[in-house]
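A.B. asks: I have a structure I would like to understand better, so I am pasting it below and will then ask my questions one at a time.
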Amino acid sequence: EAGSYITVLGAKEAATADVITVDNLEAKKHLMIQVKIIPSGDANNILRFNNDSGSNYARRRQEDGGSDGTAVSQTGINWERDYTELGFATINVINEASKEKLAIHESVTNNGNGAGNAPKRAELVYKWANTSNAITRVDMVNTQSGSYAEGSEVTVYGTD
């Protein structure tokens, strides 16, 4: 549509860390979050909004076209189970302050190096049950023994 635009609201690249934070974001109605994870050792991927680590998240996840599973009353969205794999995700979020934040998430991991290993995909839908605030901060948190290696990044785009 004429006059439409998408804005890079913030980006952060880790130089070996356990948390990648993009904060001070302008509240926008529609967000697209892109995440690239390069693990160093065991590193999992837990997405949180506005630094909320309360039990305010719920998700439905499916891997490689298999059956889906759910997790409710979670302290963040754990989107990958293979802790040592290179991963990339695109997440689309409806971000209205007075409504639960609904998201569609698609991710891919390398499933081991080399052409002899087909990549894995995961599809998730989830929500952050907060109905008081728009998302103005995004955290990717590792709770395993490794870390996010240099080159890992989180980029947040937004539009109204």
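The values are calculated or read from the model by the stated rules, or taken from the named source; none is laboratory data. This structure is a prediction, so every number in the text was calculated from the model and none was measured. Cβ placement follows ideal geometry from the backbone for every residue including glycine, while neighbour counts extend to all protein chains displayed. To get the accessible areas, we keep the full protein, side chains included, count just its heavy atoms, and leave off ligands, DNA and RNA. Shrake-Rupley method; radii C 1.70, N 1.55, O 1.52, S 1.80 Å.
A.B. asks: When you scan segment 8-39, how many residues do you find that are more than 19 Å from PHE88 (Cβ to Cβ), open to solvent by 30 Å² or more (accessible area, probe 1.4 Å), out of contact with any Lys or Arg (no Cβ under 8 Å at 6 or more places or on another chain) and modelled with pLDDT of 90 or more?
C.D. replies: Within segment 8-39, residues that are more than 19 Å from PHE88 (Cβ to Cβ), open to solvent by 30 Å² or more (accessible area, probe 1.4 Å), out of contact with any Lys or Arg (no Cβ under 8 Å at 6 or more places or on another chain) and modelled with pLDDT of 90 or more number 4.
A.B. asks: Something else now. For GLY116, which of the numbered conditions (1) touching a Leu at 6+ places or on another chain (Cβ under 9 Å); (2) free of Cβ contacts under 8 Å to residues at least 40 places away in the same chain fails to hold?
C.D. replies: Here GLY116 meets the rest and fails (1).
A.B. asks: Please specify each residue of segment 135-149 satisfying the condition of being part of a loop (DSSP other than H, G, I, E, B) and either touching a strand residue (DSSP E or B) at 6+ places or on another chain (Cβ under 7 Å) or farther than 16 Å from THR84 by Cβ (or both).
C.D. replies: Of everything in segment 135-149, those that are part of a loop (DSSP other than H, G, I, E, B) and either touching a strand residue (DSSP E or B) at 6+ places or on another chain (Cβ under 7 Å) or farther than 16 Å from THR84 by Cβ (or both) turn out to be ILE135, THR136, ARG137, ASN142, THR143, GLY146, ALA149.
A.B. asks: Is at least one residue of segment 103-118 part of a loop (DSSP other than H, G, I, E, B), closer than 17 Å to ASP23 by Cβ, of a type outside the set (A, V, I, L, M, F, W, C) and open to solvent by less than 60 Å² (accessible area, probe 1.4 Å)?
C.D. replies: There is no residue in segment 103-118 that is part of a loop (DSSP other than H, G, I, E, B), closer than 17 Å to ASP23 by Cβ, of a type outside the set (A, V, I, L, M, F, W, C) and open to solvent by less than 60 Å² (accessible area, probe 1.4 Å).
A.B. asks: Can we say THR75 is within 25 Å of SER145 (Cβ to Cβ), among the polar types (S, T, N, Q) and out of contact with any Leu (no Cβ under 6 Å at 6 or more places or on another chain)?
C.D. replies: Here the answer is yes, as THR75 does meet what is asked.
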